[in-house]
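To keep things clear, I will list the structure first and then write my remarks on it.
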Amino acid sequence: MNLNKIIITFLLAVLPITCCMAKKKPAINATLRAYPSGTIDEYHFHAGKAVVRGRFTNRTEHNFSTFNVTGTDLFSNQEFVRTIHIESNGSFLELISLPHSGWVYFDGVDIPPAFIAVGDTLEIQVDGSANGAKFAGSGATGEVNSVWPQLETQFASKETRTPWEGMNREFMLEWKDRKVKELDRIANAIDADTITLLNGCSSYAKDVLKTSLLAMPLEQILLAMHQWRWRTRNEDGKPNPALTISSDTFFDFLSARQSYLLDNPLMVFAADGDGVVNNMEFFVLNAYLFLANDMERWSKTTDSDELGNYKENFVLPHEYDTALHREMLEYDNGRLVPVADYYKMCSDSICSRFGLDHTGFMMQLCLLHRVLDFDFEGSDDRFLTRKAEELAGAIPQFTAPSISHHAVDAYRHFVIEREGNARMDASNPTPGDSLFQSLKEKYAGNVIYMDFWGIGCGPCRRGMLDQRTLVEQYKDAPVRFLYICNEKDSPREPSEKFLSDNRIQGEHIFLSSDEWNLLTNKFQFNAIPFTLLIGRNGNIVEKNVPPTAAKLDELLK
């Protein structure tokens, strides 16, 4: 029985079980008094502008004139990059667009993460000799950044031993229970309004800070499960039965705290919000991830000769054809369900498994990520239709206004980009456009695979090693493999030694820090490896998809 069949059997088995039959909840506060305050309304989750300004003093490095503000749009699950230009006197002032208020990071400079609210100004003073930064700013931005370091220290965990140390299953579960107690102490302090550091803060800032406190132990619990699953696999990559911890057991605390952990939209404003969402998607709400397997086939063909592909798939295809449906019903024992019903089945199975009352904000957010997974597919009309069908099927699940808003907005941008009406004016290219064009021009007429990597990135090095056979296979074909790195982070000497020692062929390109920032801004990525596959006509075919011989052969034709 393959993975799809197992998943489908599981979902069908749990469908009749309603959320009302969930296990009894322990006596925990279902809600917290005066939290959220209601100050943060729907519009605070929308995109907008913010100002970043400040100055570098006592700079010891003068070989760069830009740095990047990076982060993740937690609604679309897409990275964003905004480049800040530094004047010769060390000052900077930039109006940047944000997908929503939240925490951002600073790439290329030694500045800790900071909170930026749409409409505010973030002020940063960086002293190169002191190796640190000071934040100020208007509105909630200034308040949150001034209070959070002290607040984080006050509530920081006293645990010194990592829960996966020694691979002791009992210790891991005991550690989790202690973390839940930490979480409850924070919740009780919020409920009793005894956190004195919050005195004098606005309601907006209090909401962000309280949410960041709740997210802190939650993210640690989620990360621990991530590490445990990865570290307890056998040599063949399969889970070790003796060390397996089921998600049901490990996350049994969520149902009693659903209102402020899973139903809470403010989690996208939390300091650890990206870690919470990302790990929640993979280790609690991962039923949605399996949609990729089952949604892969239902819209790719209506050719009855290929109906064998539907033998273990019961999702109704988006194109209506009576003969096709009759044949599919024979394969699927008379059961075909619309996409919307399929999503509902996934949501119901999660509710039943974890004892949740309803499909809350976090579940809707993870489903949205599934629907907005655009990078791993083609760009033809059939794919556009498929994504529209997936979005239409998910809409009944989207009861949170902010989810619906970002779903429609992200799909609108997706269609614009796929139909070639990108916002860039070809007659007025940006410096990033010009740099990218110059990189391509040297290899015009070839299929080009661009791999943005770094010497300190393990997955980058592993990918390059894995591609050696492919590079050798196509060395006499019009295919070029370009490995591109930031010389500031990947100095030539150790990088070239790695390339030489491991016989990494292809073209090796070292960019300056400013050039690297131009390209990360153009393609909006803040993590590596980041890859592009470009056809012989110079158009981008795929992003972040490993090259295969089949794909290269297709492009060569």
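The values are calculated or read from the model by the stated rules, or taken from the named source; none is laboratory data. As the structure is a prediction and not an experimental result, all values here were calculated from the model. As a convention, Cβ positions derive from the backbone with ideal geometry for all residues, glycine included, and neighbour counts pool all protein chains shown. Accessible surface is based on the protein model in full, side chains and every heavy atom, while ligands, DNA and RNA are left aside. Shrake-Rupley method; radii C 1.70, N 1.55, O 1.52, S 1.80 Å.
In table form, for the structure just shown:
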item: Prolate/oblate/rounded label for the stretch 462-535 (Cα gyration tensor, a/c 1.5); result: oblate
item: Protection-proxy order for peptides 188-194, 459-465, 204-210, each taking the mean of Cβ atoms within 10 Å per residue, highest first; result: 204-210, 459-465, 188-194
item: DSSP-assigned coil residues among GluC sites (Glu not before Pro) in the stretch 48-126, each with at most 16 further Cβ atoms within 10 Å; result: E61, E87
item: Estimated D of the stretch 197-279 in µm² per second, where Rh is the Kirkwood radius over Cα pairs and Stokes-Einstein applies at 4 °C, 1.567 mPa s; result: 90
item: Subset of K206/K387; K442/K497; K176/K238; K387/K442 violating a 32 Å alpha-carbon distance limit; result: K206/K387; K387/K442
item: Integer Hz, Karplus 6.51/-1.76/1.60 couplings in order for the stretch 384-392, x for Gly and Pro; result: 4, 5, 4, 5, 4, 5, 5, 5, 4
item: Subset of K475/K522; K158/K179; K181/K210; K158/K181 violating a 18 Å alpha-carbon distance limit; result: K475/K522
item: Potential extension, N234-S202 segment - 0.36 nm per residue separation minus Cα distance; result: 6.4 nm
item: Surface accessible to a 1.4 Å probe, R169 within the full protein complex, Å²; result: 70
